[in-house]
Amino acid sequence: MPAVPEGFAGTYRQQQARYTEARPGWQPVHTVYVPADRFSPRTVAEWGERALSLLKAHLAGPDEVAEVFGVPSGLAAVVHEMLLRKLSTEPVEDLRVDFEDGYGVRPGPVEDGHVRQAVEAVAAMHAAGALPRRWGPRVKSFADGDPDRSVRTLRGFVTGVVERAGELPGGFTVTFPKVLMEAYLGQFAGVLAELEAELGVRLRFEMQVEAPQTLPFLRGELNESLGGRLAAAHFGVFDYTAALGLPPHEQRLDHPACDHARHVMQTAFAGTGVELSDGSLAASPASDRAGDVHGLWRRHAELVRHSLRHGFYQGWDMHPSHLVSRFATVYAFHLARYDSYRERVLAWEERRSAGGGVMDEPATIRTLAAALRRADMALP
């Protein structure tokens with residue numbers, strides 16, 4: 001009988017640690033970015049109110065849902081009801097208080113003041129039970145050449161929330177943008193480790209993939225090297241397409257160059273538990289007229305569907321109108337095949353044919369089951 005190869009046990013343990021193949025847990029369908037100087041305890045409620053008013057004004061019922069979003073008529077009533085319920089109860093699943101591009105460069109004392117303002121808002125939302133399930137800041141990039149500013153904002157935000165709220169509420173994550181050098185990731189993880197030791201909390205972060213220079217150092221063991229602190233990788237469409245030299249009118253999420261970047265991200269992090277998120281649409285309705293609002297919703301829905309088809313189940317929303325098209329498209333996507341997926345899984349479990357001549361492989365059944373779990377967690 002052949003001997004076990006030397007070193008196998010260690011390699012297998014490494015595989016088990018790196019590629020967890022865990023069942024998908026809850027992941028927000030979007031992240032809302034709000035500039036820090038505009039963030040208040042009312043921000044989430046205001047976004048929900050604005051989105052709901054647009055829905056009621058321009059999607060009077062299922063017929064409009066079917067026409068604007070291309071939802072099958074049999075699903076339109078369900079999607080419309082889900083939209084009303086979602087926007088009334090949880091309009092924002094993931095919130096970032098933005099101290100980077102959406103905020104700009106301010107004098108140090110001014111940014112410090114906005115950090116304190118954001119801390120007060122977070123504490124008030126936490127006390128009222130209004131803090132989204134995911135939340136946190138986006139700090140400035142080390143690539144800007146001023147890591148002190150980034151660290152000062154992060155430290156002030158986290159320590160301030162702990163002091164004011166008495167704890168670091170669950171769901172916290174920090175977004176680290178423009179990672180042009182791999183070493184920045186280790187340096188930022190070191191900052192988090194210091195804060196962890198100081199405050200007795202566990203901190204994780206999201207990296208943004210916003211430059212072609214970032215793709216070569218994405219790999220499966222990256223999270224291991226960062227002490228397991230890498231929670232997610234988010235794609236940044238506008239910096240990425242600008243860095244490639246694409247013309248302005250081609251800076252869009254469904255450009256083939258963006259597909260390539262997302263596929264590299266998927267390849268690097270498959271099986272590792274690192275979540276993936278797509279980017280944003282930098283547009284809002286030109287007016288409150290139905291034609292302008294419907295046009296924005298149609299375009300945003302196209303991009304959300306493109307992301308979903310490519311296996312990116314989360315994206316950025318930059319305007320309250322985006323909430324309507326985001327949730328409508330996500331719900332329609334999951335509902336459209338839910339029953340057929342469930343029937344195929346049940347058929348496999350019962351060792352019978354699902355019909356239609358389909359011969360499912362075990363890997364396909366795992367994918368179908370994962371899709372059903374993801375739908376159950378995404379639908380309200």
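The values are calculated or read from the model by the stated rules, or taken from the named source; none is laboratory data. Only a predicted model underlies this, so the values are computations on that prediction, with no experimental measurement involved. Here the Cβ is made from the backbone with ideal geometry for all residues, glycine too, and neighbour counts use every protein chain on show. Keep in mind that these areas ignore ligands, DNA and RNA; they rest on the heavy atoms of the full protein, side chains included. Shrake-Rupley method; radii C 1.70, N 1.55, O 1.52, S 1.80 Å.
Details
- Failed item in (1) outside any helix (DSSP H, G or I); (2) surrounded by 20 or more Cβ atoms within 10 Å (Cβ to Cβ), with Gly271 passing the rest: (2)
- Summed over region 87-107, residues that are among the hydroxyl-bearing types (Ser, Thr, Tyr) and surrounded by fewer than 16 Cβ atoms within 10 Å (Cβ to Cβ) total 2.
- In the set (1) touching an Asp or Glu at 6+ places or on another chain (Cβ under 9 Å); (2) more than 21 Å from Trp316 (Cβ to Cβ), the condition left unmet by Ser40 is number (2).
- Restricting Glu210, Glu224 to those that are acidic (Asp, Glu), within 27 Å of Arg152 (Cα to Cα) and open to solvent by 50 Å² or more (accessible area, probe 1.4 Å) reduces the list to Glu224.
- Filter result for Phe333 (in a helix (DSSP H, G or I) and either open to solvent by 50 Å² or more (accessible area, probe 1.4 Å) or at pLDDT below 95 (or both)): yes
- No other residue among Leu296, Leu303 is open to solvent by less than 30 Å² (accessible area, probe 1.4 Å), closer than 26 Å to Val44 by Cβ, of a type in the set (A, V, I, L, M) and in contact with a strand residue (DSSP E or B) (Cβ under 9 Å, 6 or more places away or on another chain) apart from Leu303.
- When Leu244 is tested against (1) at pLDDT 95 or above; (2) surrounded by fewer than 21 Cβ atoms within 10 Å (Cβ to Cβ); (3) in contact with a Phe, Trp or Tyr (Cβ under 8 Å, 6 or more places away or on another chain), only condition (3) is not met.
- The residue pairs whose first member lies in region 277-294 and is closer than 30 Å to Ala231 by Cα and charged (D, E, K, R), whose second member is open to solvent by less than 30 Å² (accessible area, probe 1.4 Å) and part of a loop (DSSP other than H, G, I, E, B), and whose beta carbons are closer than 8 Å, counting only pairs six or more residues apart or on different chains, are Asp278/Leu253; Asp278/Phe312; Asp278/Gln314.
- Some residue of region 103-120 being among the aliphatic types (A, V, I, L, M) and under 19 Å from the mean Cα position of the chain (by Cα): no
- Of the set (1) buried (at least 22 other Cβ atoms within 10 Å of the Cβ); (2) over 21 Å from the mean Cα position of the chain (by Cα); (3) on the phi > 0 side of the Ramachandran plot, all apply to Gly129 but (1).
- Gly166 more than 12 Å from Arg204 (Cα to Cα), at pLDDT below 95 and either of a type outside the set (A, V, I, L, M) or open to solvent by less than 40 Å² (accessible area, probe 1.4 Å) (or both): yes
- Of the helices (runs of 4 or more DSSP H) lying entirely inside region 1-86, those carrying at least 1 residues that are open to solvent by 70 Å² or more (accessible area, probe 1.4 Å) and over 27 Å from Phe327 (Cα atoms) are 8-18.
- Hey, Glu198 open to solvent by 10 Å² or more (accessible area, probe 1.4 Å), assigned to a helix (DSSP H, G or I) and under 17 Å from Gly136 (Cβ atoms) or not: no
- Being hydrophobic (A, V, I, L, M, F, W, C), without any contact (Cβ under 8 Å) to a residue 12 or more places away in the chain and either open to solvent by 20 Å² or more (accessible area, probe 1.4 Å) or within 25 Å of His30 (Cβ to Cβ) (or both) holds for only one residue in Val110, Val139, and it is Val110.
- Pairs, first more than 26 Å from Val71 (Cβ to Cβ) and assigned to a helix (DSSP H, G or I) in region 337-361, second among the polar types (S, T, N, Q) and at pLDDT below 70, C-beta under 9 Å, six or more apart: Ala347/Ser353
- Residue match in region 75-95 (condition: under 24 Å from Tyr184 (Cβ atoms) and among the charged types (D, E, K, R)): yes
- Residue pairs whose Cβ atoms lie under 8 Å apart, separated by 6 or more positions or on different chains, with the first residue in region 178-192 and at negative phi and the second β-branched (Val, Ile, Thr) and at pLDDT 95 or above, are Val179/Val209; Val179/Thr214; Leu180/Thr214; Leu185/Val179; Val191/Val151; Leu192/Val174.
For every residue, the table says whether it meets (1) in contact with a Cys (Cβ under 9 Å, 6 or more places away or on another chain); (2) in contact (Cβ under 8 Å) with a residue 12 or more places away in the chain; (3) surrounded by 14 or more Cβ atoms within 10 Å (Cβ to Cβ); (4) not in a helix (DSSP H, G or I).
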site: Leu203; (1), (2), (3), (4): no, yes, yes, yes
site: Glu206; (1), (2), (3), (4): no, yes, yes, yes
site: Pro216; (1), (2), (3), (4): no, no, no, no
site: Gly220; (1), (2), (3), (4): no, yes, yes, yes
site: Phe238; (1), (2), (3), (4): no, yes, yes, no
site: Ala261; (1), (2), (3), (4): no, yes, yes, no
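- Test: residue in region 112-130 that is at pLDDT 95 or above, of a type in the set (Lys, Arg) and under 24 Å from Asn223 (Cα atoms): no
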